[in-house]
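Below: one structure, written as structure tokens.
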Amino acid sequence: MLSNDLTSLITRIDFALISSIHIIFPPLTIGLAALLFISELMWVRKQDEQWYRLCRFFEKLFIVNFGAGVATGVTMEMAFGILYGRFSQAAGPFFGQVLGYETITAFMYEAGFIGLMIFGWGKISRGMHLFATFNVALSSTLSAMWILVANSWMQTPTGVELHNGIFVVTDWLGAILNPNALSAFPHMLLASFELSLCFVVATCAWYVLKQRHVELFLKPLKYSLAALAVVAAVQIYMGDVLGEATLEHKPAALAAMEGHYDTYDAAGNVNSAWHILGWPNKEGTGLAWSLDIPHGLSLIETKTWNGPVKGLNSFPKDEQPPVVLPFYAFRAMSGAAGAILLVSLWGAWLIARRRMTVELAPRHKWFLALAAAMVVLPYIAVIAGWWTREIGRQPWIVYGLMRTEDGMSPMTLGLSIFWLVGFAIFETAVVAGTIWFLAKVVRMGPDLTSKLPGEGHDHLGHLDMPASGHADHPEYIRPV
């Protein structure tokens with residue numbers, strides 16, 4: 001392999017690592033912020049102290065995850081300039097503007113209200129604090145929308161023209177409302193709610209299994225299981241909608257994720273089989289072996305018995321994406337989604353049978369253990385879905401307009417290794433630290449003894465001054 005080819009490969013691996021780590025944090029921030037708002041709303045409306053204790057407990061987990069998301073997000077924006085400088089320059093008129101909109105209308109918006117949410121307990125009224133929590137949830141969703149708009153434009157670039165290596169925006173509305181964004185954003189938003197609900201279910205199930213604060217955590221466990229059953233089912237439907245959009249706008253990507261090489265077989269019949277498993281042959285022209293469901297692909301993608309689906313061999317060889325990674329990543333995502341739905345339906349069945357009571361719930365150890373372990377499934381689904389999406393776009397960084405290698409920054413092999421090692425160390429430290437702090441908060445458990453916040457009359461503290469009114473070193477007295 002030439003040095004330039006190796007540099008390109010290292011650069012791709014580096015950015016894949018950075019984006020794959022970052023993608024695991026924002027979904028929990030988005031979904032958990034909404035759940036915090038619901039929990040606080042229940043407390044304000046019902047005056048039920050348990051909802052306040054739950055809100056404060058999960059708020060700590062939210063803060064840890066939020067910090068990790070900010071750290072890895074800033075790192076990823078740095079990586080665009082460092083690793084993909086040519087792309088950043090070419091796509092700046094649109095891509096840079098959209099990221100700027102995200103900063104102004106979402107990130108800065110969120111930063112202001114998250115301060116009130118974290119430090120405003122008792123300092124502002126309960127209604128105003130609830131308003132702050134709502135705005136944190138809303139701004140998190142707006143942030144996801146802008147990021148998905150930018151990424152979806154890379155998948156289906158509309159509203160731009162390429163002039164002298166620069167993407168010039170000719171239709172802002174068309175660029176923002178590009179075809180992929182209309183289905184990708186709802187899919188990602190549902191993924192955020194699904195991951196967050198799984199996170200809450202896993203945390204609550206662990207406490208019930210350990211018989212710690214059973215009454216406190218059983219309430220959110222039941223609500224979250226019921227909501228998860230609905231969200232998981234709707235998410236599978238939205239995944240199918242996104243698949244149909246991919247078939248229409250990125251047929252090569254869909255062919256890769258399905259391992260579909262030939263539109264028609266040797267006899268001229270529609271190749272409609274869906275491959276459950278398979279492996280490409282050495283020539284890369286088909287599958288060496290596969291486990292198939294006849295007519296499955298046509299039914300899934302065209303909703304007909306023998307509808308043709310364009311195969312990879314219909315595209316030039318240098319425009320075909322890799323097959324193995326998107327093929328199995330798609331199946332990992334789909335399998336995780338199906339498993340989440342089954343576990344949530346099991347939980348809903350137990351609730352309907354009145355088995356999830358304070359006395360009976362701890363007896364269902366197999367279910368509780370499975371529900372606690374289920375927390376890894378949405379993370380697998382999110383990462384696998386991200387790989388399916390990004391690798392399926394290859395060899396394009398902007399689909400059909402700019403190839404990935406043309407968007408990379410010019411750098412030496414040594415420099416690419418340096419950035420890979422540096423980013424890998426940082427990302428590993430963030431992930432390890434996040435897991436450690438999350439586990440510490442869970443081990444400590446909720447605070448059940450502190451007084452409830454008032455209606456905004458608590459003071460911030462005062463300076464303890466002597467009677468003379470003068471002191472060389474005034475001492476700050478924290479409020480009790």
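The values are calculated or read from the model by the stated rules, or taken from the named source; none is laboratory data. If you're wondering where the values come from, they're calculated on a predicted model, not measured in any experiment. Note that each Cβ is placed from the backbone with ideal geometry, even for glycine, and that neighbours are counted across all protein chains shown. Note: accessible area is taken over every heavy atom of the protein model, side chains too, but ligands, DNA and RNA are not part of it. Shrake-Rupley method; radii C 1.70, N 1.55, O 1.52, S 1.80 Å.
Is there a residue being at pLDDT 85 or above, closer than 23 Å to T141 by Cβ, in contact with a strand residue (DSSP E or B) (Cβ under 7 Å, 6 or more places away or on another chain) and open to solvent by less than 40 Å² (accessible area, probe 1.4 Å) anywhere in the stretch 87-110?
yes
Could you tell me which of the residues A34, A71, A16 is more than 20 Å from P378 (Cα to Cα), open to solvent by 10 Å² or more (accessible area, probe 1.4 Å), of a type in the set (G, A, S) and part of a helix (DSSP H, G or I)?
A71
Can you report the number of residues in the stretch 451-466 which are in a loop (DSSP other than H, G, I, E, B), modelled with pLDDT under 85 and either under 24 Å from F80 (Cα atoms) or of a type outside the set (A, V, I, L, M, F, W, C) (or both)? Show your work before the answer.
First, the residues of the stretch 451-466 that are in a loop (DSSP other than H, G, I, E, B): 451-461, 465-466.
Narrowing the set further to residues that are modelled with pLDDT under 85 leaves 452-461, 465-466.
After this cut, where a residue has to be either under 24 Å from F80 (Cα atoms) or of a type outside the set (A, V, I, L, M, F, W, C) (or both) as well, the list is 453-459, 461, 466.
Going through the stretch 451-466 one residue at a time, the tally reaches 9.
Name the one entry in G278, G243 that is farther than 30 Å from P157 by Cα, touching a residue at least 12 places away in the same chain (Cβ under 8 Å) and open to solvent by less than 20 Å² (accessible area, probe 1.4 Å).
From the options G278, G243, the qualifying one is G278.
Of all residues in the stretch 395-410 being in a helix (DSSP H, G or I) and open to solvent by 30 Å² or more (accessible area, probe 1.4 Å), which is nearest to I236 (Cα to Cα)?
E405
If we scan the stretch 192-210, do we find a residue that is closer than 25 Å to N313 by Cα, of a type in the set (K, R) and out of contact with any Asp or Glu (no Cβ under 6 Å at 6 or more places or on another chain)? Walk me through it before giving the result.
To start, the set of residues in the stretch 192-210 that are closer than 25 Å to N313 by Cα comprises none.
Within the stretch 192-210, not a single residue is closer than 25 Å to N313 by Cα, of a type in the set (K, R) and out of contact with any Asp or Glu (no Cβ under 6 Å at 6 or more places or on another chain).
Within the stretch 277-311, work out how many residues are part of a strand (DSSP E or B) and either over 33 Å from the mean Cα position of the chain (by Cα) or under 23 Å from A245 (Cβ atoms) (or both).
Step one: of the stretch 277-311, the residues part of a strand (DSSP E or B) are 277-280, 287-293.
Now narrow it down to the ones that are either over 33 Å from the mean Cα position of the chain (by Cα) or under 23 Å from A245 (Cβ atoms) (or both): 288-289, 293.
Residues flagged as part of a strand (DSSP E or B) and either over 33 Å from the mean Cα position of the chain (by Cα) or under 23 Å from A245 (Cβ atoms) (or both) within the stretch 277-311 amount to 3.
If I filter the stretch 411-418 for residues that are open to solvent by 80 Å² or more (accessible area, probe 1.4 Å), β-branched (V, I, T) and either closer than 30 Å to Q50 by Cβ or at pLDDT 70 or above (or both), do I get at least one hit? First the steps, then the outcome.
Applying the first criterion (open to solvent by 80 Å² or more (accessible area, probe 1.4 Å)) to the stretch 411-418 yields 412, 418.
Cutting the leftovers down to β-branched (V, I, T) gives us 412.
Subsequent filtering for residues that are either closer than 30 Å to Q50 by Cβ or at pLDDT 70 or above (or both) retains 412.
Yes, there is a match, as at least one residue in the stretch 411-418 is open to solvent by 80 Å² or more (accessible area, probe 1.4 Å), β-branched (V, I, T) and either closer than 30 Å to Q50 by Cβ or at pLDDT 70 or above (or both).
Consider the stretch 289-318. How many of its residues are more than 15 Å from E248 (Cα to Cα) and buried (at least 19 other Cβ atoms within 10 Å of the Cβ)?
Within the stretch 289-318, the subset more than 15 Å from E248 (Cα to Cα) is 289-296, 299, 304-306, 313, 316-318.
Right, trim to buried (at least 19 other Cβ atoms within 10 Å of the Cβ) and you get none.
Final tally of qualifying residues: 0.
Restricted to the stretch 411-445, and to residues that are assigned to a helix (DSSP H, G or I) and small (G, A, S), which residue is nearest to A202 (Cα to Cα)?
Here the residue is A439.
Considering only residues that are over 21 Å from L28 (Cβ atoms) and free of Cβ contacts under 8 Å to residues at least 60 places away in the same chain, which ones fall in the stretch 120-145?
G120, F131
Can you find, within the stretch 256-272, the residue that is most open to solvent (accessible area, probe 1.4 Å) among those that are aliphatic (A, V, I, L, M) and in contact with a Ser or Thr (Cβ under 8 Å, 6 or more places away or on another chain)?
In this case the residue turns out to be V270.
Looking at (1) part of a strand (DSSP E or B); (2) buried (at least 23 other Cβ atoms within 10 Å of the Cβ); (3) charged (D, E, K, R), can you tell me which one E194 breaks?
(1)
So that you can scan it fast, the table gives a plain yes or no per residue for (1) in contact with a Phe, Trp or Tyr (Cβ under 7 Å, 6 or more places away or on another chain); (2) crowded, with 23+ Cβ neighbours inside 10 Å:
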{"residue": "G159", "(1), (2)": "yes, no"}
{"residue": "G165", "(1), (2)": "no, no"}
{"residue": "N180", "(1), (2)": "no, yes"}
{"residue": "S183", "(1), (2)": "no, no"}
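Mind checking which pairs have a first residue in the stretch 406-420 that is farther than 11 Å from S8 by Cβ and β-branched (V, I, T) and a second that is modelled with pLDDT under 90 and surrounded by 15 or more Cβ atoms within 10 Å (Cβ to Cβ), Cβ under 8 Å, 6 or more apart or different chains?
Sorted first by the residue in the stretch 406-420, then by its partner, the pairs are T412/T7.
Take A229 and decide whether it is small (G, A, S), in contact with a Leu (Cβ under 9 Å, 6 or more places away or on another chain), open to solvent by less than 40 Å² (accessible area, probe 1.4 Å) and part of a helix (DSSP H, G or I).
Spelling it out, A229 is indeed small (G, A, S), in contact with a Leu (Cβ under 9 Å, 6 or more places away or on another chain), open to solvent by less than 40 Å² (accessible area, probe 1.4 Å) and part of a helix (DSSP H, G or I).
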